[in-house]
Structures are given as C-alpha cells and as structure tokens.
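Enquirer: Sharing a structure with you now.
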C-alpha cells in the first residue's frame, strides 16, 4: 500500500511540473506588420507569423499584442490563448487564428 501512495505522489508531482503550450497564427490586413509583445515590448515577428507560448499550467493566457506598420495606425489587440497542447510541435501545428485589420493613416 505504501508503494501505491508513493507512486501516486510521484505522478502528481510530475503532472504539476508539466509544460503546456499554445500558439497563435497572427495575420494582418495588410500583411507585413510588426508584431510586438504587450508584456515586454519585444518583437515577435512580422505578419503573417506564428508565435509560441509556454506555461506551467493549462490555464488560458490573456495576451496583448501591438501591430505596427509604416503608413498605418498602430493597433493593439488582445485575446485569450488556450494552453491546450503538451508539446511545442502540437501547438505550432494547431495554432489559434488572430487577424488584425490596420487602418491606413489619412483615411
């Protein structure tokens, strides 16, 4: 019986440390906008791009992104991302879709 409880404790501790992944395929109209993290201001790529996030839990993550392109107004977009994948590869193969429409300056 003692071995059974030890095995259960090991399984619980391993599952608590598991990583969870989520990915978003970010597109813009027009394409070619820089995607900037609302959290730390780092550049995440240029649309269209797929961005990967890794967390210690499978809770949804609220993400804020800023898209910017010369000749267009900057646009802030926020969305909830489900951290539903157990591997980075699975997340990249099944990203959530996020489309942002930029407004041209002077219109």
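None of the figures in this text is laboratory data; all of them are computed from the coordinates on show. Since this is a predicted model, take the numbers as computed values, not measurements. Please note: Cβ atoms are built from the backbone with ideal geometry, for glycine as well, and neighbour counts cover all protein chains shown.
Enquirer: Just subtract the alpha-carbon distance of residue 97 and residue 19 from 0.36 nm times their residue separation and send over the number in nm, one decimal. Walk me through the numbers on the way to the answer.
Expert: Numbers: separation 78, 0.36 × 78 = 28.08 nm, distance 2.17 nm.
Result for the pair: 25.9 nm of gain on full extension.
Enquirer: Can you pull the one-decimal nm distance between simple spin-label points at residue 61 and residue 80, each 7 Å off the Cα toward Cβ?
Expert: Label-label distance for residue 61 and residue 80, simple model: 1.6 nm.
Enquirer: Hey, another quick one. Mind sorting 52, 102 by how few other Cβ atoms lie within 10 Å of their own Cβ, fewest first?
Expert: Details: 52 15, 102 20.
Ranked by crowding around the Cβ, least crowded first: 52, 102.
Enquirer: Where in segment 20-43 does the label zone of residue 68 land, with the point 7 angstrom along Cα→C-beta and an amide N cut-off under 12 Å?
Expert: Output list for this probe position: 34-38, 41-43.
Enquirer: Something else about it: For each of 27, 89, count neighbouring Cβ atoms within 10 Å of the residue's Cβ, then give the residues from fewest to most.
Expert: Values: 27 17, 89 12.
Result, fewest neighbours first: 89, 27.
Enquirer: Right, something else. Looking at segment 20-101, what % of the alpha carbon pairs are farther apart than 14 Å?
Expert: Values: 1947 of 3321 pairs.
Beyond 14 Å sits 59 percent of the P(r) for segment 20-101.
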